[in-house]
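Below: one structure, written as structure tokens.
A short reminder: the numbers here are calculations on the coordinates, not readings from a lab. Keep in mind that this is a model prediction, so the values were computed, not measured. So basically every Cβ, Gly included, is an ideal-geometry build from the backbone, and we count neighbours across all protein chains shown.
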Amino acid sequence: MPGRSGVRLVGARPVSERLSGHAAAGRRPLLLRGARPLGGPRQDVLVTHEVVATGATAARLAADLHAVRVDVEDLVLLPGLVDLHTHLREPGDEASEDIVSATRAAAAGGFTAVHAMANTDPPTDTVARAEALAQAAAARGVVDVAVVGAVTVGRRGVDVVDIPAMARSRARVRIFSDDGSCVGDPSVMRQALRSAAAAGALVAQHAQEPRLTEDAQVNERRATVELPGWPPVAEDVIVARDCVLGHDLGAPVHICHVSTAGAVDVLRWAKARGTAVTAEVAPHHLLLTDELVGTGDPVYKVNPPLRSAEDVEALRAALADGTIDAVATDHAPHVSSRKSCAWSQASPGMLGLERALAVVLTTMVAPGRLEWAQVADRMAHRPALIGGLADQGRPVAAGEPATLTLVDPTVRWRAAPRSTMSLSDNDPYVGQPLQGQVEATMLRGKVVHLAPGTVRGWPDDVADHLA
């Protein structure tokens, strides 16, 4: 029924009803003026806990609703990003990272949901541990945290965990991974794939043939006597094996942090024959190469290792054509003592949450290999589908959650040392030229990140909340 604005209904419910939850939280509606959804034409977007309206309708309703007007004309509006691969380090290694610091870093990178990998201490291999982590994350996390369960007890690769029980639990585990270790035994992997498929879940494999990578430190072509080599084929053979196993069972399988051109070839073959396989690439494998091994700086030590320029090009092409489904950060913080040592003694892993989007914009959008809609697909929509997160990765449209990321695509910058929200500083992007920066992140209408120095009309309570 029309009112003074001429519009009283948006979507399926009256505006008054759609505003009730937001008003109860003590927050006024926000009118994002001149936003560019997915880089398209500018339009106003009216948000509460959800997107109320877009375009001319949003502008008309804003006056009636006394919305706070925020000028975002030069910003691109994306769905909140979803990370399939985050190491929270809690429990067991809170000196490197914890729930609060990791989720703050996620929000600063434009992520509104992360998947917490299971290689904690103790590992997330029981219902009790999964539920305890989910409860802690719900209480202290700045963004949503989905719990990833281990595939095998203790991540030892022998006994498959109780996948059905963990999937049914209050933690609602949908991804199982022994990440950091490969499920090397094909019979164990087959059992896990079958069990996960029956429970509506999937297994995410760390593709590393153990016998081909004993003591491996660097990409094989950079091997020395002191630093044994890691052959790319050690990844390829596990990807091929698990695609065949999954295809035989009709079970989905996900491949973590793809790093080789050979693995890309296998994925293309498997998808062409109808295998239910998905795959992710880490931002560092899209930008950095094994040339950096020559610096001797263990900040560049990672598992799987940095690869050749030819591998990097293959990964970019696969992300562009959809062979690789998602960008996942593999955010792996470490205290400085684990990186301020000899390469062979250093722990593998890099920070990623706060730089991932800028890496994608630099390597894929700036050269014209991805459009903004494809960025949203690879970093929000597909990861949410893979992880089973129904209210994440949604389009910017009336009736959808106001879970959004605002990006300034014009900013060119270089990461400074110790300039992240993480408790650790193993940042491989220091000094790298990057393009694009997250200015604000919203989770169901709540601003969970606002870049320092931003003045656009954001309400005072946003700053109070972030402080």
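Using amide H atoms built in the peptide plane, which far-off residues or other-chain residues are under 5 Å from Thr278 H to H?
When sequence neighbours closer than 5 places are left aside, the close amide H contacts are Val253, His254, Ile255.
How much of the DSSP beta bridge set in the chain is antiparallel, as a percent to the nearest 5?
Of those bridges, close to 45 percent are antiparallel.
Hey, with R₀ at 25 Å, roughly what FRET efficiency would Val233 and Asp185 work out to, going by the Cβ-Cβ distance, to 0.05?
So the FRET efficiency works out to roughly 0.85.
Run the quick spin-label model on Arg412 and Ala390: label points 7 Å from Cα toward the beta carbon, then report their separation in nm to one decimal.
4.6
³J(HN,Hα) across the stretch 265-275 via Karplus (A = 6.51, B = -1.76, C = 1.60, θ = phi - 60°), whole Hz, x for Gly/Pro?
My calculation for the stretch 265-275 gives 4, 5, 4, 4, 4, 5, 5, 5, 9, x, 5 Hz in order.
By per-residue mean of other Cβ atoms within 10 Å, what is the highest-first order of 374-380, 245-251?
374-380, 245-251
Work out, step by step, the length gained on full extension between Ala397 and Asp321: first 0.36 nm times the residue separation, then minus their alpha carbon distance; give nm to one decimal.
Using 0.36 nm per residue and subtracting the Cα-Cα distance, I get 24.8 nm.
If each DSSP helix of 4+ residues adds -39,500 (n - 2.57) and the sum is divided by the residues in the chain, what number results at 222 nm, nearest 500 deg cm²/dmol?
The helix contribution divided over the chain gives -8500 deg cm²/dmol.
Can you pull the three principal axis extents for the Cα set of the stretch 270-393, in Å, largest first?
Principal axes ranked by extent give 43, 32, 30 Å for the Cα atoms.
Label-point separation (nm) for Glu209 and Ala132, each offset 7 Å from Cα along Cα-to-Cβ?
Taking the simple label geometry, Glu209 and Ala132 are separated by 3.8 nm.
Which whole-Hz ³J(HN,Hα) couplings does the stretch 409-426 yield from phi under the Karplus relation 6.51 cos²θ - 1.76 cosθ + 1.60, θ = phi - 60°, glycine and proline marked x?
Per-residue couplings from phi come out as x, 8, 5, 10, 7, 10, 5, 8, x, 6, 10, 10, 7, 5, 6, 9, 10, 7 Hz.
Would you mind ranking Thr405, Thr410 by Cβ crowding within 10 Å, fewest neighbours first?
Thr410, Thr405
Computed from these coordinates, which is percent of Cα pairs over 34 Å apart: [x] 32; [y] 41; [z] 37?
Matching the structure shown: [x].
So what is log10(I(q)/I(0)) for the stretch 337-429 at q = 0.17, 0.19, 0.21, 0.24 1/Å, when the Debye sum runs over its Cα atoms only?
-0.94, -1.05, -1.14, -1.24
Would you mind computing Rg(Cα) / (2.2 N^0.38 Å) for the stretch 62-160, counting N as its residues?
1.38
Express in nm, to one decimal, how much length is gained between Ala272 and Arg156 on full extension, taking 0.36 nm for each residue of separation and deducting their alpha carbon distance.
38.5 nm
Could you tell me the ratio Rg/Rh of the stretch 111-224? Both radii from Cα atoms, Rh via Kirkwood.
1.03
Amide H of His85: which non-local residues (sequence gap of 5 or more, or other chain) have their own amide H closer than 5 Å, using H built in the peptide plane?
For His85, the qualifying residues are His115, Thr329, Asp330.
Quote the FRET efficiency, to the nearest 0.05, computed for Glu313 versus Asp460 with a Förster distance R0 of 56 Å and r equal to the Cβ-Cβ distance.
About 0.70, to the nearest 0.05.
Give me D for the stretch 161-264 in µm² s⁻¹, whole number, from Stokes-Einstein with Rh from the Kirkwood sum over alpha-carbon pairs, 20 °C and 1.002 mPa s.
148
So for the stretch 226-335, considering every pair of alpha-carbon atoms, how many percent are separated by more than 22 Å?
31
Kindly write out, for the stretch 373-386 in residue order, the coupling ³J(HN,Hα) from the Karplus curve 6.51 cos²θ - 1.76 cosθ + 1.60 (θ = phi - 60°), rounded to whole Hz, with x marking Gly and Pro.
4, 6, 4, 4, 5, 6, 10, 9, 5, 5, x, 5, 5, 4
In the P(r) worked out for the stretch 249-304, what percent of Cα pairs fall beyond 16 Å?
52
Rank these for me by crowding, Arg172, Arg211, Arg268, going from fewest to most other beta carbons within 10 Å.
Ascending number of Cβ neighbours within 10 Å: Arg211, Arg268, Arg172.
Once the principal axes of the Cα atoms of the stretch 326-390 are found, what is the range along each, listed largest first in whole angstroms?
42, 32, 17
Can you give me the Rg/Rh ratio for the stretch 135-196, using Cα atoms for both radii and the Kirkwood formula for Rh?
Result for the stretch 135-196 is an Rg/Rh of 1.03.
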